[in-house]
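The values are calculated or read from the model by the stated rules, or taken from the named source; none is laboratory data. The structure presented is a predicted model; accordingly, all values stated were derived computationally and were not measured. For neighbour counting, all protein chains shown are included, and Cβ atoms are generated from backbone atoms with ideal geometry for every residue, glycine included.
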Amino acid sequence: MFNFNQKINGQLFGLICFAVMLLSTLSPHLELLADEWNETYDKGKLALQRGEWEQAVRHFQTALSLRDTPNAQATTSNLKLVEYLPYYHLGQAYFYLGDYDLALENFEKARHAGAVNQTAYKNYLARLSEMSRQMQRASQQQGEKDELEAQMAAVTNSIEREEFGRARTVLRQLKNKHPENKTIAALEQALKKIEDRADFQPSQAKAGSESEERFRKGLDYFLVGQYELALQQFRAAERLDPDFTTAQDWIRKTISEMERLRLESNQQDEPKVEVTEKIIQQTSAPVFAVSSPKGQVTEVRSSEFNLTGTVADDKGIDYVEITLNGQPLQNRAGERVILQPKDSTEAKNFSFSAAIPLRRGENQIVLTAFDVDSTIHRTIEPRRVIRKPPIYQTTTFGVSLGSIVLLGVGVFFAARVVKYRIAIVNKYNPYIAGSPIRNEEMFFGREKLIKRILNTLHNNSLMVYGPRRIGKTTLQHQLKRCLEQLQDPEFEFIPVMIDLQGTSEKRFFQTLMEEIIEVCKPKLDGRTSFRFNDKKTDYSGRDFSRDLKKLLEILGRQTEKKLKLVLLMDEVDEMNKYSEQVNQRLRSVFMKTFAESLVAVMSGAYLKKTWESEGSPWYNFFEEIEVPPFEREDAENLIRKPVAGIFSYDDEAIDKIIEYSECKPYIIQKFCVNVINRIIEQKRRRVTLEDVEAVKPQVLSSTEVRFSA
């Protein structure tokens with residue numbers, strides 16, 4: 001017999017078939033879809049250059065909806081690397097539009113994401129953020145001034161129209177905000193003189209706007225049973241203020257009362273005395289205006305419902321009680337819930353709110369209001385709230401979720417196929433052998449070493465040493481990136497990368513200052529003069545010391561934190577060729593009083609410590625840290641992760657690469673470059689042991705490393 005489970009299985013089978021058909025249709029277009037974020041982002045940048053700010057905003061918002069994570073080296077569908085900084089450029093567009101709140105919001109998102117700190121836009125981001133804050137403060141001050149002027153004009157207008165109560169209320173609020181404002185004090189004094197006049201009567205003060213006055217008159221008519229006149233006043237109040245929801249509630253209540261008493265809304269005759277007395281007697285009970293739930297029956301899915309509304313009475317409300325499913329409503333402490341006005345001013349028009357816990361299915365809620373008359377009157381207002389099951393427990397949700405999962409799995413595998421095809425066509429090979437690694441996504445295995453260096457830098461210079469091709473230069477580049485992004489509560493780090501390879505002794509100090517000035521240029525006043533200039537050839541260590549002192553003083557005045565200029569000096573082996581005097585001069589710079597704002601991280605195979613004289617410039621100067629080969633786990637990550645989802649490795653192939661390379665990252669990358677090139681040429685997706693053995697002679701001969709078979 002056909003049953004419910006068979007029906008569901010049939011639906012799932014149909015959806016699976018549909019998903020397969022959809023995937024086969026979408027696969028050829030996945031490459032185009034993958035590039036949509038980049039194309040939209042480029043359109044936004046083009047609009048930004050043309051001054052089409054609003055169009056740029058739309059393009060950047062669309063790009064963010066397609067890819068919301070900024071990346072200094074984002075990979076497109078054709079495996080190209082681009083700078084993807086949507087929040088930064090969106091903030092630019094808002095800045096030029098004059099919306100400084102949204103500009104700051106997006107600049108903060110860009111800063112928090114961190115990608116912009118790895119690009120040339122880092123300093124521009126800081127400048128634009130500061131400019132946005134300044135413009136925002138100026139706009140706020142002007143806005144506050146305009147608002148104050150408008151409110152004071154409203155007070156003057158209210159006094160002229162003899163709306164003294166309203167004028168007094170607004171003046172009281174203004175005085176609390178601006179106690180020293182002389183104009184407010186003068187207006188307050190003028191109002192006091194008017195109210196102190198002998199001929200002034202309170203009845204001269206109008207209660208508020210015309211709509212509020214009409215509503216008040218309607219209430220007066222309602223309470224004495226003159227529903228025709230009450231209805232006219234309520235409708236007049238609504239026409240004057242379409243958003244006057246309280247007037248709308250009383251219109252409905254008045255019509256309901258008139259229908260209940262069988263009064264025609266177009267009746268012109270005066271009601272008979274006995275009828276009027278009956279109306280007065282009946283309208284002495286409280287009147288409800290429930291705002292939530294609006295209807296008599298409401299459907300929700302939450303386990304709790306917020307009941308809100310207003311209850312009014314001519315003399316005042318004593319209290320309101322609530323019953324839920326025939327039982328008095330109780331709070332979490334087991335006490336009965338009683339809603340009461342705080343004071344007599346709230347009693348005539350009491351606004352209430354209560355959280356109602358709901359059971360599954362139908363819930364009967366009854367509100368009962370009691371007035372303060374000597375003969376107590378009460379009004380009952382019923383409501384019905386149906387709690388439906390959570391959406392995730394419905395059959396439709398289960399079927400839909402299954403479909404989404406199946407579709408997602410299908411898209412995942414289809415995307416892998418498309419990505420593999422693109423990789424084959426473009427000969428995608430992300431490994432880098434020879435050049436330092438600047439891409440954060442290709443940096444593996446040195447996290448603990450970076451952390452150790454960062455913990456030491458606050459007070460000590462370091463010497464990072466190790467054999468050639470062990471990854472010292474890459475470590476320096478990643479250390480620079482970390483210092484640029486570091487939010488240290490005490491120190492402000494300014495890292496400067498200096499490559500000494502091929503630098504002669506004569507140009508040594510000039511090279512140092514040239515790199516330092518280039519990094520610090522955005523922070524310097526163009527009028528500041530230094531002994532250094534890029535054409536000078538006789539720049540001495542003494543010149544370097546004086547310029548450095550002046551530079552550190554300028555930088556120190558721009559931050560409230562302790563300044564640390566970090567010299568990341570790579571290939572310091574070159575300094576072994578320099579004279580002892582040059583080495584001694586550099587060491588003496590670190591001994592100056594201003595050197596508390598200076599620290600160095602030197603890297604190389606070794607730095608000479610034994611010189612002809614008895615004293616060594618670098619003896620006992622550095623905290624020395626060795627760069628060791630990778631741990632096996634780090635080596636395996638370097639092999640697998642860069643091509644994950646496109647290519648894969650047999651376990652035996654990985655074992656051999658690690659064995660032959662001795663976990664040295666440069667040799668690992670050489671192996672990976674060659675085996676990936678080999679399988680791309682053969683249009684395969686998996687690296688085998690045979691591939692590793694095939695490239696072994698080429699790799700080991702090029703790295704000048706010999707291994708036994």
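Numbers at a glance
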read-out: Matching residues, the range 634-657, being in contact (Cβ under 8 Å) with a residue 24 or more places away in the chain and part of a helix (DSSP H, G or I); value: D634, A635, N637, L638, I639, K641, P642, V643, E652, A653, K656, I657
read-out: Pick from the range 680-694, criterion modelled with pLDDT under 90 and part of a helix (DSSP H, G or I), ranking: nearest to G471 (Cα to Cα); value: I680
read-out: The range 89-104 residues that are more than 15 Å from Q49 (Cβ to Cβ), paired with ones that are aliphatic (A, V, I, L, M) and surrounded by 24 or more Cβ atoms within 10 Å (Cβ to Cβ) (beta carbon under 6 Å, 6 or more apart); value: G91/A103; Y94/A103
read-out: Residue in the range 519-536 that is farther than 19 Å from R587 by Cβ, at pLDDT 85 or above and either small (G, A, S) or not assigned by TED's automatic domain parsing to the domain that holds S603 (or both) present; value: no
read-out: Selection status of F508, modelled with pLDDT of 85 or more and of a type in the set (F, W, Y); value: yes
read-out: Condition met for I338 (touching a helix residue (DSSP H, G or I) at 6+ places or on another chain (Cβ under 6 Å) and either within 26 Å of Q296 (Cα to Cα) or at pLDDT 85 or above (or both)); value: no
read-out: Subset of the range 639-662 [within 17 Å of S701 (Cα to Cα) and either in contact with a Phe, Trp or Tyr (Cβ under 6 Å, 6 or more places away or on another chain) or hydroxyl-bearing (S, T, Y) (or both)]; value: I657, Y660, S661
read-out: The listed residue being surrounded by 15 or more Cβ atoms within 10 Å (Cβ to Cβ) and of a type in the set (G, A, S), out of G326, G334, G309; value: G309
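To keep it simple, each residue is scored yes or no on (1) exposed (fewer than 14 other Cβ atoms within 10 Å of the Cβ); (2) of a type outside the set (A, V, I, L, M).
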position: K451; (1), (2): yes, yes
position: T456; (1), (2): no, yes
position: N459; (1), (2): yes, yes
position: G471; (1), (2): no, yes
position: L486; (1), (2): no, no
